[in-house]
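Since the structure comes first, as structure tokens, the remarks are kept for the end.
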Amino acid sequence: MAAILGGKLKNSKSLQVDQSQMVVPENGRSTAGLDDSQLGELDVDVLDELIRREMEADEYKEVPKSMPETYGMPEKRNAERRKLSALSERGFVEILTETYAGLRRRASAKMQARAQT
């Protein structure tokens, strides 16, 4: 995800996330309360939605209007994936930004902890 946020996806026509678009979520969303497993799932879901939106922006044929149900996932997670698809572009960029920031914070904290041992 860092590579995506640091620049732009190739062939992107509309959703281009760069450092200038990274915003602090206005509605208090935070990844701080998520455990590592939950943050990892959110990362996967946000990346899946980013890819879906990029395909939609590039006018691929047969792009679903929302992320399809994923077999084997709990219904609650599939419902959350549908909510990601329903977000406005700004709302999605906020989630994308917070997810990326959460991953960076966790990675930094883990690296510092390893360096001290």
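Karplus-derived 3J(HN,Hα) values for segment 80-91, using 6.51 cos²θ - 1.76 cosθ + 1.60 with θ = phi - 60°, are 5, 5, 5, 4, 4, 5, 7, 5, 5, 4, 4, x Hz; glycine and proline are entered as x.
Segment 82-116 to segment 37-63: how many Å between their Cα centroids? What the calculation gives is 15 Å, centre to centre.
A full extension of the chain between Lys65 and Arg114 corresponds to an added length of 13.3 nm, given 0.36 nm per residue minus the alpha carbon distance. Remark: segment 33-116 carries a charge dipole of roughly 380 debye about the Cα centre, counting +1 on each Lys and Arg Cβ and -1 on each Asp and Glu Cβ. Taking the convex hull of the alpha carbon positions in segment 33-116 and averaging its projected area over all directions gives 6.7 nm². When the charge dipole of segment 33-116 is built from unit charges on Cβ atoms (+1 for Lys and Arg, -1 for Asp and Glu) and taken about the Cα centre, the candidate among Tyr100, Pro74, Leu87 whose Cα reaches farthest toward its positive end is Tyr100. Working note: Karplus 6.51/-1.76/1.60 with θ = phi - 60° gives segment 63-72 the couplings 8, x, 6, 8, 5, x, 4, 10, 4, x Hz, where Gly and Pro are set to x.
Here, each number is a calculation from the coordinates, and none is a lab measurement. Remember, it's a predicted structure, so these values are computed and weren't measured experimentally. Cβ sites come from the backbone with ideal geometry, for glycine too, and all protein chains shown count toward neighbours.
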